[in-house]
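Have a look at the structure below, then the notes.
Computed from the coordinates by the stated procedures, all read-outs in this text should not be read as laboratory data. None of the values given here were measured: they were computed from a predicted structure. Cβ placement follows ideal geometry from the backbone for every residue including glycine, while neighbour counts extend to all protein chains displayed.
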Amino acid sequence: MKIIILGAGQVGSSVAANLVNEDNDITLVDVNPIALQSISERYDLRTVTGVASHPSILEKAGAKDAEMILAVTNCDEVNMIACQVAYTLFHTPTKIARIREIEYLKNHPLFAQEALPIDVLISPDRLVTEQIQQLIKHPGALQVLDFADGKVQMVVIRASYSGVLEGLSLRELKERLNNIEYKIAVIYSSGKPIIPNADTVIKADDEIFFISSQKSMNKLLQHIRIKDKPLKNIMISGGGNIGLRLAESLENEYKIKLLELDPKKASLAAEKLKNTIVLNGDATDEELLDEENIDNSDVFCALTNADEVNIISSMLAKRLGARKVMALINRAAYVDLVQSNTIDIAISPQQATIGSLLAHVRKGDVVVVHSLRRGAAEAIEAIAHGSESSSKVVGKKIQDIELPEGTTIAAIVRGKDVLMAKKKIIIETNDHLILFVSDKKHVKEVESLFQVDITFL
């Protein structure tokens with residue numbers, strides 16, 4: 001696929017790296033020639049220096065022949081105008097734009113074809129907020145992923161030392177959870193994926209990927225996690241888009257304190273939030289955290305726009321007694337450094353955004369993509385189409401489908417029903433299949449399974 005990516009920031013460069021490895025024809029546009037040079041030295045792609053919304057720059061980037069434009073610059077307005085120019089002058093079929101400003105996102109008619117013709121809106125702030133909400137709702141989870149409009153969930157749990165899961169074989173675990181329908185898609189042990197069987201024994205620090213219907217998942221988590229006291233007190237550092245969104249979404253269910261260093265932002269947050277205590281102060285100030293009883297906080301969320309501040313404030317909050325800490329971290333290198341050490345959960349906006357974008361790039365009818373393990377693995381929801389003669393999956397038992405190495409079918413959504421994947425289940429047309437791909441290099445093979453023969457109408 002010929003794709004133009006506008007913006008070589010954290011999101012743009014991460015998306016480019018993901019897509020270039022899948023044999024796409026990528027052109028990257030940015031005003032910063034140094035950033036473009038750095039990326040072009042690492043990846044096989046074209047670069048164009050200039051303002052992303054200018055017609056001459058888009059033409060130079062190959063917009064006449066492009067199948068898709070991903071507008072992910074740091075400026076909403078540039079992203080919107082670039083899509084407008086691509087539509088009006090070059091008739092680009094698919095236009096995807098990153099939009100951060102809440103005011104724009106509220107007004108959906110704005111993005112109709114006769115107004116600003118954007119096919120897909122991506123809001124990293126909204127995606128990250130939803131991710132944190134899920135993590136607060138499921139306190140023991142490292143990740144919570146939704147499929148099929150929430151009918152199916154994948155929850156990642158780390159087995160703790162002397163915890164409920166440590167030392168159990170999957171056969172023993174099944175006996176304990178005999179009334180709950182679930183499947184373990186994969187276990188990461190010492191950072192390496194294991195496709196499990198009944199004799200697989202869970203070790204401390206293993207990451208287990210559970211998949212189940214939403215109802216069954218709630219029951220499952222109640223059984224396997226230590227009975228902690230419910231979450232009540234949450235402290236948020238950062239009153240920007242994400243911090244403000246999160247406080248707004250939680251303030252009616254939890255006791256929220258929000259710390260913001262900028263007096264103007266703090267004042268604005270205090271006006272918008274009804275049931276949140278807003279404080280003008282520095283989250284790296286030990287005395288301030290002590291005064292605000294950080295040791296009584298069930299969750300501390302560091303959500304400023306500075307990775308270093310988020311890391312330091314989270315580590316400090318943990319040392320001072322916060323039960324669980326989460327930090328928003330943009331740099332992938334930092335994520336690997338801090339995750340599972342002092343900081344409980346490192347949240348990457350890039351990974352959340354990439355998953356949303358990839359769903360629109362994949363061949364076959366792929367409707368959901370979650371990028372996992374820093375982009376090394378993926379969880380995919382794909383729809384089976386066609387008939388036994390035109391499809392590689394329809395009419396076949398799961399055990400007879402030729403899946404790439406390290407790939408598992410975890411669940412099937414058939415209408416309103418959620419079926420855990422079993423060897424004898426026969427795939428029907430319009431089934432939604434939830435797959436886990438442990439090695440991203442096999443994604444193309446998975447895509448091909450869901451592409452119907454040309455005879456299918």
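Lys/Arg Cβ at +1, Asp/Glu Cβ at -1, dipole of the chain taken about the Cα centre: which of 337, 48, 379 is farthest positive-ward?
Of 337, 48, 379, it is 379.
From the cross-link list 203/255; 219/392; 219/422; 2/106; 95/192, which pairs have alpha carbons spaced over 27 Å apart?
Values: 203/255 36 Å; 219/392 35 Å; 219/422 21 Å; 2/106 31 Å; 95/192 37 Å.
Cα-Cα > 27 Å for 203/255; 219/392; 2/106; 95/192; rest within.
Need one number: % antiparallel among DSSP beta bridges in the chain, to the nearest 5.
DSSP beta bridges in the chain are roughly 50 percent antiparallel.
Sorted by packing (mean other beta-carbon atoms within 10 Å per residue), highest first, where do 391-402, 58-69 land? If you can, show how the numbers build up before the last one.
On the way: 391-402: 16.3, 58-69: 18.9.
The packing order, highest mean first, is 58-69, 391-402.
Could you go through segment 168-181 in sequence order and give the Karplus-derived ³J(HN,Hα) for each residue, using 6.51 cos²θ - 1.76 cosθ + 1.60 with θ = phi - 60°, rounded to whole Hz, and x for Gly and Pro?
Here the 3J(HN,Hα) series is 7, 7, 5, 5, 5, 4, 4, 5, 5, 10, 5, 9, 10, 7 Hz.
What is the order of 300, 450, fewest Cβ neighbours within 10 Å to most?
By the 10 Å Cβ count, ascending, the order reads 450, 300.
Using Cβ counts within 10 Å as a stand-in for footprinting exposure, how do 303, 244, 127 rank, fewest first? Write down the numbers at each step before the final one.
Numbers: 303 29, 244 25, 127 17.
Ranking 303, 244, 127 by Cβ neighbours within 10 Å, fewest first, gives 127, 244, 303.
Using each residue's phi in segment 250-266, evaluate 6.51 cos²θ - 1.76 cosθ + 1.60 at θ = phi - 60° and report the 3J(HN,Hα) Karplus result to the nearest Hz, with x for Gly and Pro.
For segment 250-266, the Karplus-derived couplings read 10, 5, 8, 10, 10, 8, 10, 10, 10, 9, 9, 6, 6, x, 5, 5, 4 Hz, x marking Gly and Pro.
From the P(r) of segment 358-449, can you give the percent of Cα pairs sitting at distances over 17 Å?
Working: 1845 of 4186 pairs.
Counting every Cα pair in segment 358-449, those more than 17 Å apart make up 44 percent.
How would you classify segment 2-122 from its alpha-carbon gyration tensor, with a ≥ b ≥ c the square roots of the eigenvalues: rounded for a/c under 1.5, else prolate if a/b is greater than b/c, otherwise oblate?
Numbers: a/c = 1.79, a/b = 1.52, b/c = 1.18.
It comes out prolate by the Cα gyration axes.
Quick check: from the Cα gyration tensor, does the chain come out rounded (a/c under 1.5), prolate or oblate? Working shown, then result.
On the way: a/c = 1.80, a/b = 1.03, b/c = 1.75.
It comes out oblate by the Cα gyration axes.
Identify all aspartates and glutamates with a Cα-Cα distance to residue 274 below 18 Å; exclude those on the same chain that are fewer than 8 residues away in sequence.
Of all the aspartates and glutamates, those that pass the test against residue 274 - Cα under 18 Å, at least 8 places apart if same chain - are 248, 251, 253, 260.
Amide H neighbours of residue 258 under 5 Å, counting only residues 5+ apart in sequence or on other chains, H built in-plane at 1.01 Å?
236, 277, 278, 279
Once you list every other residue whose beta carbon is under 13 Å from the beta carbon of residue 44, what net charge do they have if Lys and Arg are +1 and Asp and Glu are -1? Could you put the intermediate results ahead of the total?
Details: positive: 42, 46; negative: 22, 23, 25, 41.
With Lys, Arg at +1 and Asp, Glu at -1, the neighbours total -2.
Give me a comma-separated list of calculated 3J(HN,Hα) values for segment 5-19, in order, Karplus coefficients 6.51, -1.76, 1.60 applied at θ = phi - 60°, integers in Hz, x for any Gly or Pro.
Karplus-based 3J(HN,Hα) across segment 5-19 equals 10, 9, x, 10, x, 4, 5, x, 5, 5, 5, 4, 4, 5, 7 Hz.
Sum up the charges of everything whose Cβ sits under 13 Å from the Cβ of residue 269, counting Lys and Arg as +1 and Asp and Glu as -1, but leave residue 269 out.
Working: positive: 245, 257, 264, 265, 272, 274; negative: 248, 251, 260, 262, 271.
Summing Lys and Arg as +1 and Asp and Glu as -1 gives +1.
Mind sorting 380, 426 by how few other Cβ atoms lie within 10 Å of their own Cβ, fewest first?
On the way: 380 25, 426 13.
Taking fewest neighbouring Cβ atoms as first place, the list is 426, 380.
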